[in-house]
Amino acid sequence: MAKALRLSMALVAMLIAAPAVAATVTYDYDDVNSTTVPTADSTTGTVFQNVVSSVVNVRRSPYQILLETPYCETCKYTSVSGVSVADPLGSSATYSSTTVGSSTSLIVMWGSPDAEPGRNVITFYLGNVVNFILDGATVIADAPASTGLAFVTAYISGLNFDRVVFSNSGANAFEYVFSARSNTTPEVPLPAGLILLLSGLTGLGFLARARAKSA
């Protein structure tokens, strides 16, 4: 009885720990109109945080469509610079899940994705393990309208991470926007069957204890 009880409890632990769904990414073309962007926990190379407007040959606001003036002059974004003489390896910005506001999802407005390898890469980590990678080439393949000088908003969910890194080891810059308050998602409730299983195991525990006392 005790062995069966331990085995059942191990099964319950596995069910609780297992992720509810695999990582998924969906897209639309709505901007997030951010008035602020969370400050990175750490950076490498050249990273411009909470900036507005555009600077020729340095960064381009994701709120700018084609070569026109940004339609939102007060909306802020972060720009991770690419390879240059000053930064031969490119640059990166790292955020903890606490800074992001969620450990399971991220909503990011992605400025003009680049398809070349090393450009526009978002990497999700749990400890030292890479859980998910999304790059510009994937975004362009899945959301063709984002090519050129347009932006796309990516809704990434079903994750389990404690930090996320925005990196750019190619030319040009990686401009993006996300708001911590927009990433919070409700906790997934326990399945009804699991609740019944827990109740049954509790009853088995009491039964085993009563038999042990009467023996």
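The values are calculated or read from the model by the stated rules, or taken from the named source; none is laboratory data. The structure displayed is predicted, hence computed values, not measured ones. So basically every Cβ, Gly included, is an ideal-geometry build from the backbone, and we count neighbours across all protein chains shown. Accessible surface areas use protein heavy atoms only, side chains included; no ligands, DNA or RNA. Shrake-Rupley method; radii C 1.70, N 1.55, O 1.52, S 1.80 Å.
Here are the numbers:
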| item | result |
| --- | --- |
| The listed residue being polar (S, T, N, Q), open to solvent by 40 Å² or more (accessible area, probe 1.4 Å) and without any contact (Cβ under 8 Å) to a residue 40 or more places away in the chain, out of 69, 36, 46, 104 | 69 |
| Residues of the range 76-92 that turn out to be part of a loop (DSSP other than H, G, I, E, B) and under 12 Å from residue 176 (Cβ atoms), as a count | 1 |
| Any hit, the range 78-86, residues being open to solvent by 10 Å² or more (accessible area, probe 1.4 Å) and among the β-branched types (Val, Ile, Thr) | yes |
| Pair list, Cβ < 8 Å and 6+ apart or interchain, from the range 123-135 residues that are without any contact (Cβ under 8 Å) to a residue 24 or more places away in the chain to residues that are of a type in the set (Ser, Thr, Tyr) and in a strand (DSSP E or B) | 130/123; 133/123 |
| Residue 86 being aliphatic (A, V, I, L, M) and farther than 19 Å from residue 76 by Cβ | yes |
| Answer residue from the range 22-33, given it is touching a Gly at 6+ places or on another chain (Cβ under 9 Å) and open to solvent by 50 Å² or more (accessible area, probe 1.4 Å) and is modelled with the lowest pLDDT among those | 22 |
| Some residue of the range 191-213 being surrounded by 12 or more Cβ atoms within 10 Å (Cβ to Cβ), modelled with pLDDT under 55, assigned to a helix (DSSP H, G or I) and not aliphatic (A, V, I, L, M) | yes |
